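Enquirer: There's a structure below that I have some questions on.
The values are calculated or read from the model by the stated rules, or taken from the named source; none is laboratory data. These figures come from a predicted structure and were not determined experimentally. Neighbour counts are summed over all protein chains in view; Cβ atoms, including those assigned to glycine, are modelled from backbone coordinates with ideal geometry.
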Amino acid sequence: MTNKDHVRIFDTTLRDGEQSPGFSMTMKGKLRMAKALSALNVDVIEAGFAAASPGDFEAVQAIAEVADGPRVCSLARVTKGDIDAAAAALEPAKVKRCHVFIGTSPTHRKYKLQLRKGEILDRIEDGVAYAASLFDDVEFSAEDALRTEKTFLAEAMRVAVEAGAKTLNVPDTVGYTTPEEIYDTFRYLIDHVEPGDDVVFSAHCHNDLGLAVSNSLAAIRAGVRQIECTINGIGERAGNAAMEEVVMALHTRRSYFGVETNVDTKHFFDTSRTLEEVTGEKVQRNKAIVGRNAFAHEAGIHQHGMLKSRETYEIMRPEDVGAPKSALVLGKHSGKHALFARLEELGHEVDPAETDAIFAAFKKLADERHEVTDEELRTLVSGASNRVVLAETV
């Protein structure tokens, strides 16, 4: 597989994800996640922002010690103090990266930084060069890149490359862009920055308009070969691009995108549940790939199709992501095929003369339940007298 065929997966669950409201993690929890991400075989783990606080420094250092396989990264502003903190915290890592950033958009220049364009470029040059003197691997991010003038953004990226950056990250910091716009932006940058073969463009998309995954995939089509993402899509405000969604889109639509990742997708479900346990925040039921409903079917027409062939209503296999087997959920939308298939699985042989009565009783029960449990199904077929009573009274 050539470099052009490979998309790096840069996980920022422990940095951008962890700093979002409701998702704080203990040190023990962070180490559990670092081990889970190592098992997933992501390319880069962004362990935190070492200069942000003593606690963040300790977390980055501890993760650098336990992460096995992925490159470990710390975020840093383009300042000597931040970069020194990143270097010290990452000292135990086998392979490491310093990720330096500064805002480039008119909004950030005016309100947050109070700096002119030339001053921004000087800081990029000095900060990246200093990081490159300490690290073999330096990533540069232009914060709020997608609201930055394209000409200035390209100039900033050229300065970063000349100073020693090997990864150029173009974040949609506020989730503002669209797939068409981000595709055009990356095509412009690739054409005008003209990075060497050893330089990779990266996309870091936020989900404020619900477009983080779509924008990430559009960026890949434009030539980006690193995606920054998080497990379950956690992150600032509405979150980041969900890693499991990006990776499984590339996997399922391989013939369309023509690229692959190194991620071991069979660990997605367990890693998602580990994050649930570590943060106490449940994954929404209808979440793509790892939600409880991702491989569950209640509608009778769908259930009938699934009983004939799983391919009728599933485009990927649950085992591909480590999820439990597909489920035919019995509820008010279910039909006879699913009901009696489940009763057969439970070991019940139903008298054909009683199927209509059982199905009618099931439908009445299902109207008052979100789901009908196996125990309730057993009650339906526990005896003729019980069935009559249930059909009349439930």
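Enquirer: Return only the number of the condition from (1) in contact with a Leu (Cβ under 7 Å, 6 or more places away or on another chain); (2) in a loop (DSSP other than H, G, I, E, B) that ASN262 does not satisfy.
Expert: (1)
Enquirer: Additional query: Give the residues of the range 309-355 that are part of a loop (DSSP other than H, G, I, E, B), closer than 22 Å to PHE268 by Cα and modelled with pLDDT under 75, sorted by residue number.
Expert: If the condition is that a residue be part of a loop (DSSP other than H, G, I, E, B), closer than 22 Å to PHE268 by Cα and modelled with pLDDT under 75, then TYR313, LYS325, SER326 are the ones that fit.
Enquirer: Another question, if that's okay. Could you tell me which residue of the range 130-140 is farthest from the chain's Cα centre (by Cα), considering only residues that are among the hydrophobic types (A, V, I, L, M, F, W, C) and in a strand (DSSP E or B)?
Expert: VAL138
Enquirer: What are the residues in the range 226-249 that are among the acidic types (Asp, Glu) and either touching a Leu at 6+ places or on another chain (Cβ under 7 Å) or farther than 17 Å from LEU209 by Cα (or both), if any?
Expert: Across the range 226-249, the qualifying residues are GLU228, GLU244.
Enquirer: Right, next: State whether the residues of the range 67-74 include one that is more than 22 Å from ILE231 (Cα to Cα) and surrounded by 24 or more Cβ atoms within 10 Å (Cβ to Cβ).
Expert: Within the range 67-74, none of the residues are more than 22 Å from ILE231 (Cα to Cα) and surrounded by 24 or more Cβ atoms within 10 Å (Cβ to Cβ).
Enquirer: With the requirement that a residue be within 24 Å of PRO70 (Cβ to Cβ) and touching a residue at least 40 places away in the same chain (Cβ under 8 Å), what does the range 143-163 give you?
Expert: GLU143, the sole residue that qualifies.
Enquirer: Shifting gears a bit: Which of the residues spanning the range 14-30 are surrounded by 16 or more Cβ atoms within 10 Å (Cβ to Cβ), in contact with an Asp or Glu (Cβ under 9 Å, 6 or more places away or on another chain) and not aromatic (Phe, Trp, Tyr)?
Expert: Those that are surrounded by 16 or more Cβ atoms within 10 Å (Cβ to Cβ), in contact with an Asp or Glu (Cβ under 9 Å, 6 or more places away or on another chain) and not aromatic (Phe, Trp, Tyr): LEU14, ARG15, ASP16, GLY17, GLN19, SER20, MET25, GLY29, LYS30.
Enquirer: Here's another thing I want to ask about it. Between GLU125, GLU139, which is buried (at least 23 other Cβ atoms within 10 Å of the Cβ) and among the charged types (D, E, K, R)?
Expert: GLU139
Enquirer: Being under 27 Å from GLU143 (Cα atoms), in the same structural domain as ALA89 (by TED's automatic domain parsing) and at pLDDT below 95, is that true of even one residue in the range 29-52?
Expert: Looking through the range 29-52, none of the residues is under 27 Å from GLU143 (Cα atoms), in the same structural domain as ALA89 (by TED's automatic domain parsing) and at pLDDT below 95.
Enquirer: Okay, moving on. What residue, of VAL72, VAL100, VAL60, VAL95, is in the same structural domain as ALA36 (by TED's automatic domain parsing), touching a strand residue (DSSP E or B) at 6+ places or on another chain (Cβ under 7 Å) and under 17 Å from ALA142 (Cβ atoms)?
Expert: Of the residues listed, the single one that is in the same structural domain as ALA36 (by TED's automatic domain parsing), touching a strand residue (DSSP E or B) at 6+ places or on another chain (Cβ under 7 Å) and under 17 Å from ALA142 (Cβ atoms) is VAL100.
Enquirer: Go over the candidates ALA62, ALA93, ALA76 one by one and state the one that is part of a loop (DSSP other than H, G, I, E, B) and either touching a His at 6+ places or on another chain (Cβ under 8 Å) or modelled with pLDDT of 95 or more (or both).
Expert: Criteria check complete, one pass: ALA93.
Enquirer: Can you pull out the residues in the range 286-295 that are surrounded by fewer than 19 Cβ atoms within 10 Å (Cβ to Cβ) and either within 14 Å of THR252 (Cβ to Cβ) or modelled with pLDDT under 70 (or both)?
Expert: The one that is surrounded by fewer than 19 Cβ atoms within 10 Å (Cβ to Cβ) and either within 14 Å of THR252 (Cβ to Cβ) or modelled with pLDDT under 70 (or both): ALA288.
Enquirer: Please enumerate the residues belonging to the range 141-168 that are of a type in the set (S, T, N, Q) and either over 23 Å from the mean Cα position of the chain (by Cα) or under 19 Å from PRO106 (Cβ atoms) (or both).
Expert: Hits for the range 141-168 are SER141, THR148, THR151.
Enquirer: Further question: Condition first: closer than 17 Å to GLY223 by Cβ and over 18 Å from the mean Cα position of the chain (by Cα). Now tell me which residues in the range 169-181 satisfy that.
Expert: THR177, GLU180, GLU181 - these are the residues of the range 169-181 that are closer than 17 Å to GLY223 by Cβ and over 18 Å from the mean Cα position of the chain (by Cα).
Enquirer: Look at PHE10 and say whether it is under 19 Å from GLY81 (Cα atoms) and either assigned to a helix (DSSP H, G or I) or under 14 Å from the mean Cα position of the chain (by Cα) (or both).
Expert: no
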